[in-house]
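The values are calculated or read from the model by the stated rules, or taken from the named source; none is laboratory data. Since the model is a prediction, treat every value here as computed from it, not as a measurement. Here Cβ is always computed from backbone atoms with ideal geometry, including for glycine, and neighbour counts include all displayed protein chains.
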Amino acid sequence: MQKIVFLDRATLAPQIALKRPAFEHELVEYDRTAPDQVAARLQGASIVITNKVAISADIIEQVPTLKLVAVAATGTDVVDKAACEKRGIVVSNIRGYAVNTVPEHTFALMLALRRNLIAYRDDVLNGEWQKSGQFCFFNHAIRDLGGATLGIIGEGVLGQRVADIAKAFGMKPLFAAHKGREGLGPLYTPWDEVLATSDVITIHSPLTPHTRGMLSTAEFRAMKKKPLIINTARGGLVDEAALVAALDEGLISGIGFDVLTTEPPAPDNALMRIANRPNVIVTPHVAWASDEAQQSLADQLMDNIAAFVAGAPVNVVS
């Protein structure tokens, strides 16, 4: 019998159903698991499901029965993959489930900021419409997406989908060449050119040692058109303190972030200190989380486990 332990079930909404495997099994679900609880909860488990709970080399040493780490997300930076490889433990992830939800959230942030929806909503609540004495008022600039240049950092499935939607809006999408690299081919526009010419920059990259902090003070100073900065990818890709300083200096015009370096953020997080500004929108890492996307993720998660037990693992991360 396979013992399956889900360490952070509360990272999926309660209305999302998990398909029960056809093989003989015991499924133990915990809403949340603290770091010092992981090893004890995994005792006797052959399969662990985790979304954001870290599976470190130390944990792997303490759970000799473990055979599969099924990550309930695309990113697998919470798993020590080298330690898993050494022990022959398979790591699987989820792919392709967010092709609608993340791009749609990206454009929700983009539209809200570009058209100053938050500022106008606040004005209406504060009685500015009545004070105007006419059918409309113009306290804040309103800018179209049509005709704007969209710099896209990350050319994977989500970046490509964002580009498709951008074209439908009449935008000009540019895929940024990887920072510090040249000669990547005709898909890419040089990194410096994307920074200099974009009206909006949106990030869809994985978090790796190479991409961590890839947008910081030098990059913001190179942004000649004072763009919006949108991040629905990973916290840590942008230097948050430098981002806020860039907004204060007028180097960028607005911030739409769904991900932060530490989640949940501390009250003194740089972005949290300015989150009430009308040109700043911070959402709690929910770009991926439409009901449709979450159910697709859950179904794929259980399919990954079934395939592994059947001896034909899929979505294996090397």
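Before we move on, is I152 in contact with a Pro (Cβ under 8 Å, 6 or more places away or on another chain) and over 27 Å from L271 (Cα atoms)?
Numbers: in contact with a Pro (Cβ under 8 Å, 6 or more places away or on another chain): yes; over 27 Å from L271 (Cα atoms): no.
No.
Of all residues in the stretch 80-116, those being within 19 Å of K52 (Cα to Cα), of a type in the set (S, T, Y) and under 18 Å from the mean Cα position of the chain (by Cα) number 1. The criterion of at least 3 residues that are closer than 21 Å to A163 by Cα and either free of Cβ contacts under 8 Å to residues at least 40 places away in the same chain or outside the structural domain of G154 (by TED's automatic domain parsing) (or both) is met, among helices (runs of 4 or more DSSP H) falling completely within the stretch 186-283, by 191-197.
Considering only the stretch 269-280, I want to know if a residue exists there that is in contact with a Ser or Thr (Cβ under 7 Å, 6 or more places away or on another chain) and crowded, with 21+ Cβ neighbours inside 10 Å. Among the residues of the stretch 269-280, not one is in contact with a Ser or Thr (Cβ under 7 Å, 6 or more places away or on another chain) and crowded, with 21+ Cβ neighbours inside 10 Å, which makes the answer no.
The residues listed here are A34, A108, A40; of these, the one that is without any contact (Cβ under 8 Å) to a residue 24 or more places away in the chain, within 30 Å of L145 (Cβ to Cβ) and out of contact with any helix residue (DSSP H, G or I) (no Cβ under 6 Å at 6 or more places or on another chain) is A108.
Being touching a residue at least 40 places away in the same chain (Cβ under 8 Å) and farther than 16 Å from N279 by Cα is a property that holds for L150.
Output the residue which, of all residues in the stretch 20-36 that are in a loop (DSSP other than H, G, I, E, B) and acidic (D, E), is surrounded by the fewest Cβ atoms within 10 Å (Cβ to Cβ). Steps first, answer last, please.
First, the residues of the stretch 20-36 that are in a loop (DSSP other than H, G, I, E, B): 20-24, 30-34.
Still in the list and also acidic (D, E): 24, 31.
Values: E24: 8, D31: 11.
That would be E24.
Pairs are defined by a Cβ separation below 7 Å, a sequence spacing of at least 6 or placement on different chains, a first member in the stretch 118-129 that is within 18 Å of I274 (Cβ to Cβ), and a second member that is in a helix (DSSP H, G or I); the pairs so defined are I118/A112. Within the stretch 37-52, being aliphatic (A, V, I, L, M), assigned to a loop (DSSP other than H, G, I, E, B) and touching a Lys or Arg at 6+ places or on another chain (Cβ under 8 Å) holds for one residue alone: A45. Take the conditions (1) in contact with a helix residue (DSSP H, G or I) (Cβ under 6 Å, 6 or more places away or on another chain); (2) closer than 26 Å to N100 by Cα; (3) not in a loop (DSSP other than H, G, I, E, B); E292 misses just one of them, which is (1).
Looking only at residues of the stretch 9-19 that are part of a loop (DSSP other than H, G, I, E, B) and touching a residue at least 60 places away in the same chain (Cβ under 8 Å), we find that the one that is surrounded by the fewest Cβ atoms within 10 Å (Cβ to Cβ) is Q15.
Once the stretch 117-150 is narrowed to residues that are among the acidic types (D, E) and more than 22 Å from T283 (Cβ to Cβ), the residue that is farthest from the chain's Cα centre (by Cα) is E128.
Taking the criterion of being over 17 Å from H285 (Cα atoms) and surrounded by 20 or more Cβ atoms within 10 Å (Cβ to Cβ), the residues of the stretch 47-66 that qualify are I47, V48, I49, I55, I59, I60, V63, L66.
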